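What follows is a single structure, written as structure tokens, with notes after it.
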Amino acid sequence: MTLVELMIVVALVALLASIAVPQYDAYVQRARLSKAIGDIGIISLKIEQFRLRSDDRVPDTLAELGEPVPLDPWGRPYEFLNIAGGRRGVGGLRKDGKLNPLNSDFDLYSRGRDGESRGPLSAKASRDDIVRANNGAYIGLGEDY
């Protein structure tokens, strides 16, 4: 094997790695997004079961469900807010791009990859959030809502 052949092999390996690594990262992010969507759906169902057992009362915290709640795929706890309890005015609720509240019963979301979130989904920090909106009719990326 000559030095030229060795350099060609190294260049090909580097080229393949430069293609494979971003593709793998995109795959991992899609898997994390899917896991967060699934987790939010399951937690929402547990909250609805709690409501059925408690005269339509939404729990104040996720700990009140009596079951362990998983962390989001980025290792942070899911965010939860009891809206139906009436402790906050409309001004403190998370909103869509048109400043309409996302939910009227409870808010449940993950802060996403960057770990940051702001009130309206149109804010840059909220675009990667995985949200539950329309009282559970939508679960997905904040930027897609």
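Which of these values of mean projected area of the Cα convex hull in nm² was calculated from the structure shown: (i) 13.0; (ii) 11.4; (iii) 12.0?
Computed from the coordinates, mean projected area of the Cα convex hull in nm² corresponds to (ii).
Within the chain, what is the number of lysine pairs with alpha carbons under 23 Å apart, leaving out pairs fewer than eight places apart on the same chain?
Working: Lys35/Lys46; Lys35/Lys124; Lys95/Lys124; Lys98/Lys124.
Qualifying lysine pairs in the chain: 4.
Based on DSSP H runs of at least 4 residues, each adding -39500 (n - 2.57), what is the mean residue ellipticity at 222 nm of the chain after dividing by all its residues, to the nearest 500 deg cm²/dmol?
Details: 1 runs with 51 residues, N = 145.
Theoretical 222 nm ellipticity from helices: -13000 deg cm²/dmol.
Quick check: pseudo-label points 7 Å beyond the Cα along Cα→Cβ at Leu45 and Leu65, how many nm apart are they?
With each label placed 7 Å out from Cα toward Cβ, I get 1.1 nm.
List, in order, the whole-Hz ³J(HN,Hα) value for each residue of the stretch 109-123 obtained from phi through the Karplus relation with A = 6.51, B = -1.76, C = 1.60 and θ = phi - 60°; use x for Gly and Pro.
Values per residue, Gly and Pro as x: 7, 10, 6, x, 4, 7, x, 10, 7, 10, x, x, 5, 6, 5 Hz.
For the chain, set up a GNM with springs between Cα atoms under 10 Å and report which of Arg111, Arg127, Arg30 has the largest fluctuation.
Result: Arg30 has the largest fluctuation of those listed.
How tilted is helix 3-53 with respect to the longest principal axis of the chain? Cα atoms for both, answer in degrees (0 to 90, nearest 10).
So the inclination is approximately 10 degrees.
Over the chain, with a Gaussian network built from C-alpha contacts below 10 Å, which listed residue (Tyr78, Tyr27, Tyr109) shows the highest mean-square fluctuation?
Of Tyr78, Tyr27, Tyr109, the most mobile in the Gaussian network model is Tyr27.
Every number here is computed from the coordinates shown, using simple stated rules; none is lab data. Treat the numbers as computed from the prediction; the structure is a model and nothing was measured. Reconstructed Cβ throughout: ideal geometry from the backbone, glycine too, with neighbour counts over all protein chains shown.
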